[in-house]
1. Is there a residue being free of Cβ contacts under 8 Å to residues at least 60 places away in the same chain, crowded, with 21+ Cβ neighbours inside 10 Å and out of contact with any His (no Cβ under 6 Å at 6 or more places or on another chain) anywhere in the range 24-39?
2. Could you please tell me which pairs satisfy a Cβ distance under 8 Å, a separation of 6+ or placement on different chains, a first residue in the range 177-206 that is surrounded by 19 or more Cβ atoms within 10 Å (Cβ to Cβ), and a second residue that is among the polar types (S, T, N, Q)?
3. Return the residues of the range 21-40 that are over 25 Å from the mean Cα position of the chain (by Cα) and either among the β-branched types (V, I, T) or not in a helix (DSSP H, G or I) (or both); say none if nothing qualifies.
4. Looking only at residues that are within 20 Å of the chain's Cα centre (by Cα) and assigned to a loop (DSSP other than H, G, I, E, B) in the range 77-103, which one is farthest from I337 (Cα to Cα)?
5. Output the residue which, of all residues in the range 330-370 that are more than 17 Å from the chain's Cα centre (by Cα) and charged (D, E, K, R), is surrounded by the fewest Cβ atoms within 10 Å (Cβ to Cβ).
6. Which fully enclosed strands (runs of 3 or more DSSP E) of the range 323-386 have 1 or more residues being polar (S, T, N, Q)?
7. Among the numbered criteria (1) touching a helix residue (DSSP H, G or I) at 6+ places or on another chain (Cβ under 8 Å); (2) of a type in the set (F, W, Y); (3) in a loop (DSSP other than H, G, I, E, B), which single criterion is violated by F220?
8. When residues of the range 339-375 are filtered for being farther than 23 Å from G194 by Cβ and at pLDDT 95 or above, how many remain?
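The values are calculated or read from the model by the stated rules, or taken from the named source; none is laboratory data. Note that this is a predicted model, so its numbers are computed, not measured. No Cβ is skipped: glycine too gets one built from the backbone with ideal geometry, and neighbour counts run over all protein chains shown.
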Amino acid sequence: MTLIKSISGIRGTIGGQVGDNLTPIDAVKFASAYGFWLKQQRHKEHYRVVVGRDARISGEMIQNLVMNTLVGLGIHVIDLGLSTTPTVEIAVPMEHADGGIILTASHNPKQWNALKLLNEKGEFLNGAEGAKILEIAESDTMSFSDVDSLGKITKNQAYIDMHIDAVLELPLVNKKAIEDASFKVVVDGVNSTGGIAIPLLLERLGVHPVKLYCEPNGHFPHNPEPLKEHLTDLSEAVVKEHADFGIVVDPDVDRLAFMDERGEMFGEEYTLVACADYVLSKTPGNTVSNMSSTRALRDVTEKHGGTYEASAVGEVNVVELMKKNHAIIGGEGNGGIIYPESHYGRDALVGVALFLSLLAEKKMRVSELRASYPAYFMSKKKIELTPEIDVDAILKQMEAKYSHERLTTIDGVKIDFSDSWVHLRKSNTEPIIRVYTEAPTQQEADNLANKIIIEINNINR
């Protein structure tokens, strides 16, 4: 059981000891620190915070604790109830709110939950802001409101529909072409809020959705990370239903992956590649992804005359570089699409609409579309961490071992070989070292990852 405090928010397992897990006391503590920080930043008479959650079993409990903590600070709360991460992000500026909190542990299993913290733009806090909140949480400086100054909670459950309206209004979403294509699509909503939002979006686009695990009850039917090994049911359903393709999202609907008409993975790395290909074909410009993402985005960007750059891992880092480089689309290779024309946040709804537009205009099967892109294969492995493992020392030794290769050290260690790469970094969301590799074949990618893991294990002995 563990509690992780990072750039990605406050994330932990439910139950157990205070300070070691995400207990009710910890939820109140960090919600208090966020609310207190917000009041320090904004200096207003009245404050408003948007709060929404995915369908985790612990979600209602954590949300009630968080909302009533904010009320105790004199902050008014807009309660979206069951929602998605990108929906909360767009709701913050639409409500002219001072910030937002999303209760979700993204792709983590059901025993996890988290507080993801947003600023007044509906964007994730940066590292300095997050550090300040952690500092406040450990202090005794917080002061709460008296009985006449308590906040109020207002429910608004219309925002998923409003989010869909905003997606359909995007100029590059070709509603007519999608409707004319008469797509049939299987949707795996992993029994969370994607099971609400994605079928509604598809229906509005004239697509026939076949629902698989779309009951938002928080009982995840498989590991909620949208990887091939977790999606055998979706693969079988796509083939059985003679569907055009399959869609899977993570529990809070900011990651998106596709499965082709044969029940084969399109590749979550290629979600961003395909969406960027479509956007760049209409509005040429630059792109950004993180260092753990496929080289294929660079290739597609350069094909359209743009410039590609890589950031440190973490949505806030991608967004910061996108703004600096005036990127017109970007995101992360885990299936996260960031399209500034909509908002600066990973959004599976936007990704679905752009992908459908591309597919409808090209009039090709998903397998054919995938074959049209540069072929790279990734291996995503991890090393479980124990307290005695010194990650920084391990990374320093790997850096020294490969000093003759092209190295990038802004986020762990990335080693670029001529036709492959490996990225080693400590996770922000789990107690692990991530080992990502990419090569011209799957076997080469797997072999490279296994070789690096053996080298790390030998260092650790």
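1. In the first step, residues of the range 24-39 are kept if they are free of Cβ contacts under 8 Å to residues at least 60 places away in the same chain; the result is 24-26, 28, 35, 39.
Those still in the list that are crowded, with 21+ Cβ neighbours inside 10 Å too: 26, 35.
Add one more test, that the residue is out of contact with any His (no Cβ under 6 Å at 6 or more places or on another chain), and what stays is 26, 35.
Checked against the condition, which is being free of Cβ contacts under 8 Å to residues at least 60 places away in the same chain, crowded, with 21+ Cβ neighbours inside 10 Å and out of contact with any His (no Cβ under 6 Å at 6 or more places or on another chain), the range 24-39 yields at least one hit.
2. Partner pairs satisfying both residue conditions: I178/S357; N191/N217; T193/S83; T193/T84; G194/T84; A197/T84; A197/T87.
3. I25
4. Within the range 77-103, the subset within 20 Å of the chain's Cα centre (by Cα) is 80-93, 99-103.
Filter once more, so that each one left must be assigned to a loop (DSSP other than H, G, I, E, B): 83-84.
Working: S83: 18, T84: 14 Å.
Checked the range 77-103; the qualifying residue farthest from I337 (Cα to Cα) is S83.
5. Filtering first and then ranking leaves K363.
6. Details: elements: 327-332, 336-338, 377-384.
Where strands (runs of 3 or more DSSP E) fall fully within the range 323-386 and carry at least 1 residues being polar (S, T, N, Q), they are 377-384.
7. Of the numbered conditions (1) touching a helix residue (DSSP H, G or I) at 6+ places or on another chain (Cβ under 8 Å); (2) of a type in the set (F, W, Y); (3) in a loop (DSSP other than H, G, I, E, B), the odd one out for F220 is (1).
8. Our first condition is that a residue be farther than 23 Å from G194 by Cβ; within the range 339-375, this holds for 361-365, 367-368, 371-375.
With at pLDDT 95 or above added as a condition, the list becomes 361-365, 367-368, 371-373.
Qualifying residue count for the region: 10.
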